[in-house]
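Here the structure is laid out as structure tokens; the discussion comes afterwards.
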Amino acid sequence: MKTREVNFDGLVGPTHHYAGLSFGNEASTKHRFQISNPKLAAKQGLLKMKALADDGFAQAVIPPHERPNVPVLRQLGFSGSDEQVVEKAALQAPLLLSAVSSASAMWVANAATVCPSADALDGKVHLTVANLNNKFHRSIEAPTTEAILRAIFGDENRFCVHSALPQVAMFGDEGAANHNRFGGDYGEPGVQLFVYGREERRDTFPTRYPARQTLEASQAVARINQVRPEQAIFARQNPDVIDQGVFHNDVIAVSNRQVLFCHELAFVDQPHLLEQLRANVPGFTAIQVPQSAVSVAEAVATYLFNSQLVSREDGRMMLVLPQESQAHPGVWRYLNELLAADNPISELKVFDLRESMANGGGPACLRLRVVLNAKEQQALNPAVMMNDSLYAALNAWVDKYYRDRLTLADLADPQLLRESREALDSLTQLLCLGSVYPFQR
């Protein structure tokens, strides 16, 4: 068994709904209050996982979080039985109930930042849970994310799962969505690029939307993950593109091995950053999409860069795209020109992920990339690895527990709380996770 990159995809939760909770994410706010289909959302994600697994890529699944988050509602002053807590929140603070019912943990690119063992001073795989403190509905995810990751990466001789940074603005951390790794073979030491949007005490910020990732957080994560200092590069996201809806770096750039696929306006002082990468990454190739070919607005609308760039066994690279990129004539024209040009990308694969896309997350948002050597792959919880039997079991599980229509008003239904808990209790048994949810403890 060789060193491989394993994609861990988040499974959409049963309370998936459109509340427009993520200011700065234009797709999220655009689809606010529309009717969602949790069953379809989960099945679209599962189909992507299974298709990539069938195509020879290492693929695993990360379960959803318990929602609504009743302990947080209790912390905010609602009392009584769990059902009464939900009913009171629905009457007194319906938008708060919506926030604690968000299924946004499905976007596991925000779950943690990963350092492979080849890059770490102690030779272990490190995962630092993101605090996501820029948005309330996401800031409550860290404890359950940590419990789930510990259940998947349980061998402490090979894995270190670290708790989230302090929940203050100075250490705002959005996880792997603002992190890239470059290098040759996956098992070789690589160069890690940490992308941040703001720095404490710096005057220049985006003016329309918030910059969620801080330099201080990125530096802390690099230290915690034991990244060798000479292998870490820190770069600032262009504040102008943040103001156009590029809330995470993975909305404007994606990398794989020696390749960076990005918009020409992605970073502050981009020419200097590319020179740094050329100097530190043998064979580095930058594919910069010009504004004249695809504007930032078009990239945000189609999630062109929120794609997965993956390598086949023979080294050929495939770009995994949302259907929205194919549906846009200009973007699809550019992508076909890209295929015809001399570069490492030789294949496009398109998926319908519209339920996720409408809430502001594309293919790259749905997956956490973890490079694992042979022994680390063997040390994983094997029950989360995608295969024919798990795919069939998860589809049957979704059919049994998920609704095909959900509105904000439905969140007040105590039966939804019971359905969701029953579903998650069954799922933890299916994935051999143990008790990772608050209601199980």
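From the list Asn336, Asn343, Asn387, which residue is open to solvent by less than 50 Å² (accessible area, probe 1.4 Å) and polar (S, T, N, Q)? Walk me through it before giving the result.
On the way: Asn336 fails: open to solvent by less than 50 Å² (accessible area, probe 1.4 Å); Asn387 fails: open to solvent by less than 50 Å² (accessible area, probe 1.4 Å).
Result: Asn343 is the single residue among Asn336, Asn343, Asn387 that is open to solvent by less than 50 Å² (accessible area, probe 1.4 Å) and polar (S, T, N, Q).
Taking the range 302-317 as the range and being over 17 Å from Leu368 (Cα atoms), touching a residue at least 60 places away in the same chain (Cβ under 8 Å) and of a type in the set (A, V, I, L, M) as the test, only Met317 passes. When the range 221-235 is limited to residues that are within 21 Å of the chain's Cα centre (by Cα) and assigned to a helix (DSSP H, G or I), the one that is surrounded by the fewest Cβ atoms within 10 Å (Cβ to Cβ) turns out to be Ile224.
Would you pick out the residues in the range 404-441 that are in contact with a strand residue (DSSP E or B) (Cβ under 9 Å, 6 or more places away or on another chain) and surrounded by 15 or more Cβ atoms within 10 Å (Cβ to Cβ)? If you could, list the steps in order and put the result at the bottom.
Just the residues of the range 404-441 that are in contact with a strand residue (DSSP E or B) (Cβ under 9 Å, 6 or more places away or on another chain), to begin with: 405-407, 416, 431.
Listed by number, the residues that qualify are Leu406, Leu416, Leu431.
Quick check: is even one residue across the range 352-368 assigned to a strand (DSSP E or B), of a type outside the set (Asp, Glu) and crowded, with 23+ Cβ neighbours inside 10 Å? Don't jump to the end; show me each part of the working.
Taking the range 352-368 and keeping what is assigned to a strand (DSSP E or B), we get 367-368.
Filter once more, keeping what is of a type outside the set (Asp, Glu): 367-368.
If we keep only those that are crowded, with 23+ Cβ neighbours inside 10 Å too, we end up with 367-368.
Looking through the range 352-368, at least one residue is assigned to a strand (DSSP E or B), of a type outside the set (Asp, Glu) and crowded, with 23+ Cβ neighbours inside 10 Å.
If you go through the range 369-379 and keep only what is under 22 Å from the mean Cα position of the chain (by Cα), aliphatic (A, V, I, L, M) and open to solvent by 10 Å² or more (accessible area, probe 1.4 Å), you end up with just Val371. I'd like to know if the range 257-264 contains one or more residues that are of a type in the set (S, T, N, Q) and either in contact with an Asp or Glu (Cβ under 7 Å, 6 or more places away or on another chain) or more than 23 Å from Leu348 (Cα to Cα) (or both). The answer is no, given that none of the residues of the range 257-264 is of a type in the set (S, T, N, Q) and either in contact with an Asp or Glu (Cβ under 7 Å, 6 or more places away or on another chain) or more than 23 Å from Leu348 (Cα to Cα) (or both). Quick one: would you say Leu91 is part of a helix (DSSP H, G or I) and open to solvent by 20 Å² or more (accessible area, probe 1.4 Å)? When the stated conditions are applied, Leu91 passes them. Where helices (runs of 4 or more DSSP H) sit wholly within the range 264-330, those with at least 1 residues that are at pLDDT below 95 and open to solvent by 50 Å² or more (accessible area, probe 1.4 Å) occupy 296-302, 323-327.
If a residue counts only when it is modelled with pLDDT of 95 or more, which helices (runs of 4 or more DSSP H) contained entirely in the range 1-88 have at least 3 such residues?
Values: elements: 26-30, 38-54, 70-75.
Those helices (runs of 4 or more DSSP H) span 38-54, 70-75.
If you go through the range 236-263 and keep only what is touching a helix residue (DSSP H, G or I) at 6+ places or on another chain (Cβ under 7 Å), part of a loop (DSSP other than H, G, I, E, B) and free of Cβ contacts under 8 Å to residues at least 60 places away in the same chain, you end up with Gln244, Val246, Ile252.
If only residues of the range 137-172 that are within 17 Å of the chain's Cα centre (by Cα) and of a type in the set (D, E, K, R) are counted, the one that is modelled with the lowest pLDDT is Arg138. Applying the criterion of being touching a residue at least 40 places away in the same chain (Cβ under 8 Å) and within 13 Å of Pro414 (Cβ to Cβ) to the residues of the range 72-88, the residue that is least open to solvent (accessible area, probe 1.4 Å) is Val86.
Of all residues in the range 243-263, count the ones that are open to solvent by 10 Å² or more (accessible area, probe 1.4 Å) and touching a strand residue (DSSP E or B) at 6+ places or on another chain (Cβ under 9 Å). So that I can check it myself, show each step before the final result.
First, pick out the residues of the range 243-263 that are open to solvent by 10 Å² or more (accessible area, probe 1.4 Å): 243-244, 247, 250, 257-258.
Imposing the further condition that a residue be touching a strand residue (DSSP E or B) at 6+ places or on another chain (Cβ under 9 Å) reduces the set to 250, 257-258.
Number of matching residues: 3.
Counting the residues of the range 302-317 that are in contact with a Lys or Arg (Cβ under 8 Å, 6 or more places away or on another chain) and closer than 13 Å to Val350 by Cα gives 1.
Looking at the range 360-375, which of its residues are aliphatic (A, V, I, L, M) and within 23 Å of Lys135 (Cα to Cα)? Walk me through it before giving the result.
Going through the range 360-375, the residues aliphatic (A, V, I, L, M) turn out to be 364, 366, 368, 370-372, 374.
Passing the criteria: Ala364, Leu366, Leu368.
Taking the conditions exactly as written (among the hydroxyl-bearing types (Ser, Thr, Tyr), touching a residue at least 60 places away in the same chain (Cβ under 8 Å) and assigned to a loop (DSSP other than H, G, I, E, B)), does Ser98 satisfy them or not?
On the way: among the hydroxyl-bearing types (Ser, Thr, Tyr): yes; touching a residue at least 60 places away in the same chain (Cβ under 8 Å): yes; assigned to a loop (DSSP other than H, G, I, E, B): no.
So Ser98 fails the test.
Just checking, does the range 230-244 include any residue being under 23 Å from Leu321 (Cβ atoms), at pLDDT 95 or above and among the hydrophobic types (A, V, I, L, M, F, W, C)? Checked the range 230-244: no residue is under 23 Å from Leu321 (Cβ atoms), at pLDDT 95 or above and among the hydrophobic types (A, V, I, L, M, F, W, C).
The values are calculated or read from the model by the stated rules, or taken from the named source; none is laboratory data. Note that the structure is predicted; figures quoted are calculated from it, not measured. Please note: Cβ atoms are built from the backbone with ideal geometry, for glycine as well, and neighbour counts cover all protein chains shown. Heavy atoms of the whole protein, side chains included, go into the accessibility calculation; ligands, DNA and RNA do not. Shrake-Rupley method; radii C 1.70, N 1.55, O 1.52, S 1.80 Å.
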